[in-house]
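The values are calculated or read from the model by the stated rules, or taken from the named source; none is laboratory data. Values in this document were obtained by computation on a predicted structure and should not be read as measured data. Positions of Cβ are generated from backbone atoms using ideal geometry, with glycine treated the same way; all protein chains shown enter the neighbour counts.
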Amino acid sequence: MDIQLFWQNALDLWGTLDQHPLLHAGLGLAVLLLAALVLGRVARFMILHAVRLLSRQPALHWLNDLLHNKVFQRLAQMVPSLVVQFGLKLVPELSATSQHFLGNVALAFTILFLVLAISALLDALLDIYARTEHARTRSIKGYVQLAKMVLFVFGAIIIVATLIDRSPLLLLSGLGAMSAVILLVYKDTLLSFVASVQLTSNDMLRVGDWIEMPQVGADGDVVDITLHTVKVQNFDKTIVSIPTWRLMSESFKNWRGMQQAGGRRIKRSLFIDAGGVRFLTDEEEQRLGKVRLLTDYMTRKRSELQAWNEAQGPVAALSANRRRMTNIGTFRAYALAYLKSHPDIQPNMTCMVRQMQTTAQGVPLEIYCFTRTTAWADYERIQGDIFDYLLAVMPEFGLGLYQQPSGSDLRAGLLPAGAVHEQRALSTESAEP
């Protein structure tokens, strides 16, 4: 009896609402909104639960990327607005004008969540592409950002046209008249997009490349390529953001070729003191001929010089008419043989020791070769070991490295010879424990 009485009272109350159309319509809208929210929650739960079950299949693991980027959540958010949009016809006492306005508002929300779902889908596709082999060489992040920008612009136009109940073509025609302003506002975006297409199509830049661009303070690895900027992480762990269009309008150095070649170049000079350059004596030739790396060179050179000197006849008795081996030439041959026998030097690439133009700092002997590795730490270790050894072996050839005089050298030059020896002896004794 109580239930029947309650139901009868509810029907009587609902019947009295016919005398108050505004209250009747308001309650109808409230019930419709409540139903829309409940159905939205139910749809969201069912969609996500079904997708999680499907994503457990190995062949459908890509669904996890869609879940992570909230694609299905955005699609589920369209359900309340769709329920409101199609349920307005069931609301009693609602005028046609109000029904049309509220329908447009609901349609605008539907378009908004659809645009957000497509944007989330583009992000998910970018994550899926990032796991492929092509992502290491070609980045599509700039294209995705441009697509999202176009999507948001057209979505905003359609939403505004829906709210004001006008055709989107009318707004698009107005944008055509504002093309000059649009080009001015999006100048950097258009330049960056064109530069991004050129960089990608010509394979000029990849994520992971080591680039050097001193004018913007960039010297490190490319970590991200977007529509507007290229992010470079310097070796001191700082981040430099370079506008994409600057990489096309200005020059930069890409070290990818060195990394792909498998060898990094050593190009450094030893400045020999010109005062120590001289001919080798017979005793020095005999001694250096026993050096393993110089045995073949000394044998071949002796035969060559002997044949040449004998061909000169009696005039070869004069010192100026004879060809003789020099200590710097022998050291150059030794350094080259040392490099070619070094286990960390690339044998299939250029390897030479050349004498450069004499300068005020001495005679430069340039070491030009390539290491077997491109790793920075290993490269510096190999280079340091090579030059440590060459600097230490130079006195064996009677050569010394040029060095500008320091303050102690100048002071020692002003003292008598005996005072210099005494000062060195005192410093040696004071250094002993």
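Can you confirm whether PHE113 is surrounded by fewer than 17 Cβ atoms within 10 Å (Cβ to Cβ), out of contact with any Pro (no Cβ under 6 Å at 6 or more places or on another chain) and assigned to a helix (DSSP H, G or I)? No: the conditions fail for PHE113. Please determine, by comparing only the residues of region 25-47 that are closer than 17 Å to ALA117 by Cβ and among the aliphatic types (A, V, I, L, M), which one is surrounded by the fewest Cβ atoms within 10 Å (Cβ to Cβ). Selected residue: MET46.
Within region 67-84, which residues are of a type in the set (S, T, N, Q), part of a helix (DSSP H, G or I) and buried (at least 19 other Cβ atoms within 10 Å of the Cβ)? Talk me through it step by step, then tell me what you get.
Of region 67-84, the ones of a type in the set (S, T, N, Q) are 69, 73, 77, 81.
Still in the list and also part of a helix (DSSP H, G or I): 73, 81.
Passing the criteria: only SER81.
With respect to being closer than 23 Å to MET46 by Cα and modelled with pLDDT of 85 or more, LEU125 falls outside the description. Among the residues of region 329-354, those that are over 17 Å from ARG292 (Cβ atoms), out of contact with any helix residue (DSSP H, G or I) (no Cβ under 6 Å at 6 or more places or on another chain) and surrounded by fewer than 18 Cβ atoms within 10 Å (Cβ to Cβ) comprise GLY329, PRO347, ASN348, MET349, THR350, MET352, ARG354.
Conditions (1) under 12 Å from the mean Cα position of the chain (by Cα); (2) within 26 Å of THR371 (Cβ to Cβ), marked per residue:
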residue: ASN202; (1), (2): no, no
residue: ALA218; (1), (2): yes, yes
residue: THR226; (1), (2): yes, no
residue: PHE235; (1), (2): yes, yes
residue: ASN254; (1), (2): yes, yes
residue: GLY263; (1), (2): no, yes
residue: ILE266; (1), (2): no, yes
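For region 254-267: of the residues being surrounded by 14 or more Cβ atoms within 10 Å (Cβ to Cβ) and of a type in the set (Lys, Arg), which is farthest from GLN355 (Cα to Cα)?
Of the residues in region 254-267, the ones surrounded by 14 or more Cβ atoms within 10 Å (Cβ to Cβ) are 254-256, 258-259, 261-266.
Now narrow it down to the ones that are of a type in the set (Lys, Arg): 256, 264-265.
Values: ARG256: 30, ARG264: 21, ARG265: 18 Å.
My answer is ARG256.
Taken together, the residues in region 357-400 that are small (Gly, Ala, Ser) and touching a strand residue (DSSP E or B) at 6+ places or on another chain (Cβ under 7 Å) amount to 1.
For region 196-296, which helices (runs of 4 or more DSSP H) that fit wholly inside it have 3 or more residues that are within 26 Å of TYR143 (Cβ to Cβ) and in contact (Cβ under 8 Å) with a residue 12 or more places away in the chain? Even if it seems obvious, please write down each step before you answer.
Numbers: elements: 246-249, 256-261, 282-289.
Filter on region 196-296 gives 246-249.
Just to be sure before I move on: is PHE370 crowded, with 20+ Cβ neighbours inside 10 Å and in a helix (DSSP H, G or I) in the structure I sent? Answer is no for this residue. Each residue in region 85-102 was checked for being surrounded by fewer than 18 Cβ atoms within 10 Å (Cβ to Cβ) and more than 22 Å from PHE72 (Cβ to Cβ), and 12 pass. What number of residues within region 272-292 satisfy the criterion of being small (Gly, Ala, Ser) and over 18 Å from VAL393 (Cβ atoms)? Within region 272-292, residues that are small (Gly, Ala, Ser) and over 18 Å from VAL393 (Cβ atoms) number 2. Residues that are surrounded by fewer than 16 Cβ atoms within 10 Å (Cβ to Cβ), free of Cβ contacts under 8 Å to residues at least 60 places away in the same chain and assigned to a helix (DSSP H, G or I) within region 130-146 comprise ALA130, GLU133, HIS134, listed in sequence order.
Tell me which residues, restricted to region 85-95, are of a type in the set (S, T, N, Q) and not in a helix (DSSP H, G or I). Please lay out each step first, then the result.
Pass one, region 85-95, residues of a type in the set (S, T, N, Q): 85, 95.
Listed by number, the list holds a single entry, SER95.
Screening ALA320 on (1) at pLDDT 95 or above; (2) aliphatic (A, V, I, L, M); (3) more than 22 Å from GLY263 (Cβ to Cβ) shows it passes everything except condition (1). Is region 48-66 home to any residue that is of a type in the set (Gly, Ala, Ser), more than 18 Å from LEU122 (Cα to Cα) and either over 44 Å from the mean Cα position of the chain (by Cα) or crowded, with 19+ Cβ neighbours inside 10 Å (or both)? Scanning region 48-66, I find no residue that is of a type in the set (Gly, Ala, Ser), more than 18 Å from LEU122 (Cα to Cα) and either over 44 Å from the mean Cα position of the chain (by Cα) or crowded, with 19+ Cβ neighbours inside 10 Å (or both), so the answer is no.
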